[in-house]
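Q: Below: one structure in structure tokens.
Just so it is clear, none of the values below were taken in a lab; they were calculated from the coordinates. Keep in mind that what you see is a predicted model, and the values were worked out from it rather than measured. No Cβ is skipped: glycine too gets one built from the backbone with ideal geometry, and neighbour counts run over all protein chains shown.
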Amino acid sequence: MFLLQHVRVALMAAAAAFGAAVFMAINLFYKRRVWTPEDYCAFKEEEEERRQRQVLVLGLDGAGKSSVLQQLNGSTSKRKCTPTRGFNFIRLHTPTCEFDFLEIGGSEDLRAYWGDFLKRAHILLYVVDSSDRRRLLLAKDELHRLLSIDMQLPVIILGNKQDKLDAMSMSELHDALSLGSVVDQRKLYLLQLSSVGEPESCSLQNLQYLLVQLESNHN
Ligand SMILES: Nc1nc2c(ncn2[C@@H]2O[C@H](COP(=O)(O)OP(=O)(O)OP(=O)(O)O)[C@@H](O)[C@H]2O)c(=O)[nH]1
Ligand SMILES: *[C@@H]1O[C@H](CO)[C@@H](O)[C@H](O)[C@H]1NC(C)=O
Ligand SMILES: [Mg+2]
């Protein structure tokens, strides 16, 4: 057993050394090369791909994340969304850049993984059911947990389901989510929305406008 472990360590060391040698050889080869116009085009394309921005869409189960994405995707159907078991993804093209919206389901088991996705996100879109007063404290705690993991990420909070009669107003939401306690340096926005309206609704356009603004200021 002891011997076997030694052999394994030796093998791994050999593999690492080989990998490093290959890496250095490739680097040398590329540094010596003269760039052709084709290569240059490939670079330009790579650069343009970098203009993709990931918008991470989080919020408790039933908040309306999938409904918002469906609307952003231009769907006019009133088809009800089913709970998201894992991920949901749409891509939105705007004149300035491409936004990749990634929703992760909000059920309790999935919430544990939310934090892992913050690293790759450029913007956090946090959806709240404005009529779910009972779970607003939970929504607040989850939001502040995310804010404490990443201190800089710009955040847009959507007070969704504003069409409901018992929906909380924006100032009520502001207080219930303790947004006043968030540090000044953070870019933080609170928008109201109803994701059962028309896709070309004013509030949806406000959201798109804000996303584009955030990205153009970023550069
Ligand atoms: N009245 C009203 N209902 C909404 C609105 N947005 C979503 N809903 C409803 O709320 C329910 C949940 O919506 P989803 O979009 O599936 O919620 P979700 O946040 O994606 O939930 P998970 O995927 O389970 O995390 C659905 O029945 C929607 O039709 C809204 O603005 N107003
Ligand atoms: C978004 O729209 C495209 C084209 O209309 C469709 O193929 C795709 O399934 C939609 N995605 C979602 C998540 O609604
Ligand atoms: Mg969903």
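Q: Quick one: putting +1 on the C-beta of Lys and Arg, -1 on the C-beta of Asp and Glu, what dipole do you get for segment 52-218 around its Cα centre, in Debye to the nearest 20?
A: Dipole magnitude for segment 52-218 comes out near 240 debye.
Q: Cross-link list Lys65/Lys164; Lys161/Lys187; Lys65/Lys140; Lys119/Lys164; Lys80/Lys164; Lys80/Lys119: which exceed 26 angstrom alpha carbon to alpha carbon?
A: Lys119/Lys164; Lys80/Lys119
Q: How big is the Kirkwood radius of segment 52-218, worked out from every pair of different alpha carbons and given in Å to one decimal?
A: 15.9 Å
Q: Which of the chymotrypsin sites (Phe, Trp or Tyr not before Pro) found in segment 53-144 are loop residues per DSSP with 12 or fewer other Cβ atoms within 10 Å of their Cβ?
A: Within segment 53-144, the qualifying chymotrypsin sites (Phe, Trp or Tyr not before Pro) (loop, at most 12 other Cβ atoms within 10 Å) are Tyr113.
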